[in-house]
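Right, one structure below, let's go through it.
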Amino acid sequence: MPKIAVLTSGGDSQGMNSAIRAVVRTGLANGFEMLGVRRGFKGLMDNDFIELGSKEVSDILYRGGTFLQSARSEAFKTPEGQDQAIKHLQSRAIDYVVVIGGDGSYRGAQALQNKGIKTFGLPGTIDNDIPLTDYTIGFDTTLNVVTDAIGNLRDTMSSHERVSVIEAMGRSCGDIALQAGIASGVDAIIIPEVEADLDKIAKDLKAGFERGKSHSIVIVAEGAGNAVDVAKVLKEKCGLDTRPTVLGHIQRGGTPSAFDRVFTSRLGHHVIELIKQEITGVALGIENNQITYHSFNEIFAAGRNINEQLYHIFNDLI
Ligand code: ATP
């Protein structure tokens, strides 16, 4: 029986479990033997494999995090680390490896592929920073978490006539801040892809309060600055009571949204379809609601730009 190993790597994201379940159940239904690797590439080097039957992936569809656990491993970036991992894969006669992780994990997946292991990538990161996919696994759930948090902050800010400066995750990508900002009707967004004009934001905040607003919300992506500094500068410039909130790891938690569960079910299912078509060495994503795939090289070459249409929509709606 051909064998497939699945691992999760880098920062966890809601929907990773659902992706594992989809790969495993579809693989089993098509006659593959399925294995899980615990703690990402570290587990590959440590020979930390578990057998995965249908029962092992029961009751995980709606759980955040990853039951295989995730890790970051500097040792795997070295040729020696990769060779050690490949030795274990070969001794177990594993034919395919599915890596669920972010762009760093894709580099690791590509390294395996370049050394002759048939590898797939699934975009497991809340950041939405992977090229050639409209969404990454967990992004939608995180948007909902951030949108709920902004709603909670709005209540208290309004009672005290304050400005809330909220820091969202996303590394060098502003998508969480931008889309949560649109979903929440915030007053300003500060994202790494666009230079921020803090003088203008402060002026607009002040004008809003003068018109009778009871509160204002500014969302800042972590790649563009931190909430504490931005709140301090805005307070100095506009004189309003300005409070920072760093949402932090709460953004990576919670039960995956229905979108993330369906999306990951489609991704996992499609991996097995590609194996049947003898297509390997690719990362999967979703473009225009179709599951698509590209070689790792194509993805690294593509780069990722801000969704300009969404940015314009935001600006027209404030
Ligand atoms: P997130 O976007 O959530 O941070 P990520 O997958 O980008 O997830 P990283 O820490 O960048 O997270 O990468 C995860 C792991 O992938 C690393 O710890 C390392 O083991 C492996 N990896 C990263 N870069 C490389 C590389 N250039 N070559 C081989 N392996 C790599």
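The values are calculated or read from the model by the stated rules, or taken from the named source; none is laboratory data. Since the structure is predicted, the reported quantities are computational estimates derived from the model, not experimental observations. Note that we place each Cβ from the backbone using ideal geometry, even for glycine, and neighbour counts take in every protein chain shown.
Overview of values
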{"read-out": "Val186 vs. criteria buried (at least 18 other Cβ atoms within 10 Å of the Cβ), assigned to a loop (DSSP other than H, G, I, E, B) and not aromatic (Phe, Trp, Tyr)", "value": "yes"}
{"read-out": "Those residues of segment 234-285 which are among the β-branched types (Val, Ile, Thr), crowded, with 18+ Cβ neighbours inside 10 Å and either in a helix (DSSP H, G or I) or under 16 Å from the mean Cα position of the chain (by Cα) (or both), in sequence order", "value": "Thr264, Val271, Ile272, Ile275"}
{"read-out": "Residues of segment 221-233 classified as out of contact with any helix residue (DSSP H, G or I) (no Cβ under 6 Å at 6 or more places or on another chain) and surrounded by 17 or more Cβ atoms within 10 Å (Cβ to Cβ), total", "value": "7"}
{"read-out": "Cβ-Cβ under 9 Å pairs, at least 6 apart or on other chains, segment 105-132 side in the same structural domain as Gln14 (by TED's automatic domain parsing), far side modelled with pLDDT under 95 and assigned to a loop (DSSP other than H, G, I, E, B)", "value": "Asn128/Arg304; Asp129/Arg304; Ile130/Arg304; Pro131/Gly303; Pro131/Arg304; Pro131/Asn305; Leu132/Arg304"}
{"read-out": "Which numbered condition Glu308 misses (of (1) more than 19 Å from Val99 (Cβ to Cβ); (2) assigned by TED's automatic domain parsing to the domain that holds Thr119)", "value": "(2)"}
{"read-out": "Scan of segment 258-272 for residues that are of a type outside the set (Val, Ile, Thr) and touching a residue at least 60 places away in the same chain (Cβ under 8 Å), ordered by number", "value": "Phe259, Asp260, Arg261, Phe263, Ser265, Arg266, Leu267, Gly268, His269"}
{"read-out": "Check on Phe32, touching a residue at least 60 places away in the same chain (Cβ under 8 Å), away from the ligand (no atom under 13 Å from the Cβ) and in contact with a helix residue (DSSP H, G or I) (Cβ under 9 Å, 6 or more places away or on another chain)", "value": "yes"}
{"read-out": "Residue among Ser164, Ser172, Ser159 that is modelled with pLDDT of 95 or more, hydroxyl-bearing (Ser, Thr, Tyr) and not in a strand (DSSP E or B)", "value": "Ser172"}
{"read-out": "Test result for Ala71, surrounded by fewer than 24 Cβ atoms within 10 Å (Cβ to Cβ), within 13 Å of the ligand (Cβ to nearest atom) and assigned by TED's automatic domain parsing to the domain that holds His269", "value": "yes"}
{"read-out": "Some residue of segment 293-302 being farther than 24 Å from Ile117 by Cβ, surrounded by fewer than 16 Cβ atoms within 10 Å (Cβ to Cβ) and not small (Gly, Ala, Ser)", "value": "no"}
{"read-out": "Residue within segment 188-199 that is within 16 Å of the ligand (Cβ to nearest atom), within 28 Å of the chain's Cα centre (by Cα) and farther than 23 Å from Ala258 by Cβ present", "value": "yes"}
{"read-out": "Given (1) touching a residue at least 24 places away in the same chain (Cβ under 8 Å); (2) in contact with a helix residue (DSSP H, G or I) (Cβ under 8 Å, 6 or more places away or on another chain), index of the condition Ile50 fails", "value": "(1)"}
{"read-out": "In segment 86-139, residue nearest to the ligand (Cβ to nearest atom) [restricted to those that are closer than 19 Å to Arg38 by Cβ and charged (D, E, K, R)]", "value": "Lys87"}
{"read-out": "Cβ-Cβ under 9 Å pairs, at least 6 apart or on other chains, segment 57-76 side at positive phi and in contact (Cβ under 8 Å) with a residue 12 or more places away in the chain, far side within 16 Å of the ligand (Cβ to nearest atom) and part of a loop (DSSP other than H, G, I, E, B)", "value": "Gly65/Asp12; Gly65/Ser13; Gly65/Gln14; Gly65/Gly253; Gln69/Asp12; Gln69/Arg38; Gln69/Arg39"}
